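These notes are about the structure you will find just below.
The values are calculated or read from the model by the stated rules, or taken from the named source; none is laboratory data. Please read these numbers as outputs of a predicted model, since none were measured by experiment. All Cβ positions, glycine included, derive from the backbone under ideal geometry; neighbour counts span all protein chains shown.
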């Protein structure tokens with residue numbers, strides 16, 4: 001059954017299962033699981049950090065990062081549409097007493113620099129003290145431009161603020177930047193370096209952040225786990241928070257071995273996911289041309305995620321039709337109820353035949369509506 005709901009639904013590959021079976025194990029809370037230690041050291045070296053810590057989820061590594069940067073009553077600047085603010089159950093406020101200061105996202109996914117600067121509070125006891133600027137890359141499948149990341153870092157440093165990246169799909173961003181560079185494209189990337197190796201680009205992205213949360217269970221295809229990366233003192237604080245949050249696992253090397261395999265073998269192949277997303281979006285657009293207003297791809301995908309606006313009059317029927325044809329996709333109604341926003345995600349377990357099946361199903365649904 002083609003499952004386009006999320007890149008979190010992937011199953012371990014045969015090679016990954018073999019790596020799990022061979023994993024050396026210890027007790028990670030005691031710090032003696034060799035597979036976890038190797039994963040953390042490898043990822044830190046790969047991305048240019050001193051240290052890393054492995055945890056069950058990206059929600060937890062983001063929260064560990066926020067709690068390690070901010071004290072009670074301090075503030076983090078976040079995007080209105082970003083995971084750290086909207087999709088993590090208010091954890092920074094509820095569990096950390098950290099005040100989120102949301103900033104409205106621009107259409108390209110960025111937070112305008114002037115809006116970030118305006119959100120920074122003066123040193124006054126009436127205000128929460130601004131401590132941190134958070135970014136998300138990719139955001140809704142969009143890649144934050146490299147020159148923009150540099151500017152955010154310069155602004156934060158000038159104002160004495162730390163920076164944190166929710167890099168749940170860091171390598172999707174890196175693969176796309178590498179593709180643009182190889183193709184000679186420089187849109188939104190005019191000051192970037194010449195590197196076209198995705199791992200090197202990921203490391204370059206990370207230079208603009210004091211800490212990075214990176215998911216291993218999305219595009220990389222590992223079954224469970226995320227990493228938080230930063231300096232050694234920062235990661236030492238984060239480990240204490242991990243314990244307090246219940247994220248300390250025991251023989252976690254089983255999971256770490258799968259994640260290590262993903263980092264070694266699944267980065268470059270993400271380009272296939274991006275190409276399949278583009279082909280799927282083009283197929284849906286072509287199918288909808290003879291049915292204006294029924295459904296519309298909002299923007300051509302940059303990476304592995306795109307959104308389709310489906311008119312409310314057909315949304316429920318289309319979802320049921322797709323499910324009847326073995327296709328899973330998720331979404332939610334717009335605020336005014338006039339449409340349903342489908343979210344399509346390609347990943348390791350979506351192949352060309354799955355893309356073709358989804359396009360045929362949508363084409364068939366629209367044709368049947370016309371004939372009725």
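For the reader, a short list of remarks on this structure follows.
- The one condition from (1) over 21 Å from residue 87 (Cα atoms); (2) part of a helix (DSSP H, G or I); (3) touching a residue at least 12 places away in the same chain (Cβ under 8 Å) that residue 222 does not meet is (2).
- Filter pass, residue 5 being under 30 Å from residue 327 (Cα atoms) and either out of contact with any strand residue (DSSP E or B) (no Cβ under 7 Å at 6 or more places or on another chain) or in the same structural domain as residue 302 (by TED's automatic domain parsing) (or both): no
- Restricting region 335-372 to residues that are outside any helix (DSSP H, G or I) and exposed (fewer than 13 other Cβ atoms within 10 Å of the Cβ), the residue that is modelled with the lowest pLDDT: 372
- Of all residues in region 278-298, none that is on the phi > 0 side of the Ramachandran plot and without any contact (Cβ under 8 Å) to a residue 60 or more places away in the chain has its Cβ atom under 6 Å from the Cβ atom of a residue that is surrounded by fewer than 19 Cβ atoms within 10 Å (Cβ to Cβ) and assigned to a helix (DSSP H, G or I), 6 or more apart or on another chain.
- Residue check for residue 332: outside any loop (DSSP other than H, G, I, E, B), free of Cβ contacts under 8 Å to residues at least 12 places away in the same chain and within 29 Å of residue 169 (Cα to Cα): yes
- Scope region 320-332; condition over 9 Å from residue 3 (Cα atoms) and surrounded by 13 or more Cβ atoms within 10 Å (Cβ to Cβ); matching residues: 321, 322, 323, 325, 330, 331
- Summed over region 236-257, the residues that are over 22 Å from residue 50 (Cα atoms) and touching a strand residue (DSSP E or B) at 6+ places or on another chain (Cβ under 7 Å) give a count of 0.
- When the residues of region 254-282 are filtered to those that are more than 19 Å from the chain's Cα centre (by Cα) and more than 17 Å from residue 220 (Cβ to Cβ), the one that is surrounded by the most Cβ atoms within 10 Å (Cβ to Cβ) is 280.
Table: residues versus (1) touching a helix residue (DSSP H, G or I) at 6+ places or on another chain (Cβ under 7 Å); (2) surrounded by 19 or more Cβ atoms within 10 Å (Cβ to Cβ).
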residue	(1), (2)
92	yes, yes
98	yes, yes
102	yes, no
106	no, no
111	no, yes
116	yes, yes
119	no, no
122	no, no
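- Taken over region 157-183, the criterion of being assigned to a helix (DSSP H, G or I), within 25 Å of residue 75 (Cα to Cα) and either without any contact (Cβ under 8 Å) to a residue 40 or more places away in the chain or not assigned by TED's automatic domain parsing to the domain that holds residue 118 (or both) is satisfied by 157, 158.
- One residue stands out in region 15-48 among those that are outside any helix (DSSP H, G or I) and in contact with a helix residue (DSSP H, G or I) (Cβ under 7 Å, 6 or more places away or on another chain): the one that is surrounded by the most Cβ atoms within 10 Å (Cβ to Cβ), namely 33.
- Qualifying positions in region 109-126 - touching a strand residue (DSSP E or B) at 6+ places or on another chain (Cβ under 8 Å) and farther than 16 Å from residue 83 by Cα: 112, 115, 116, 119, 120, 121, 123
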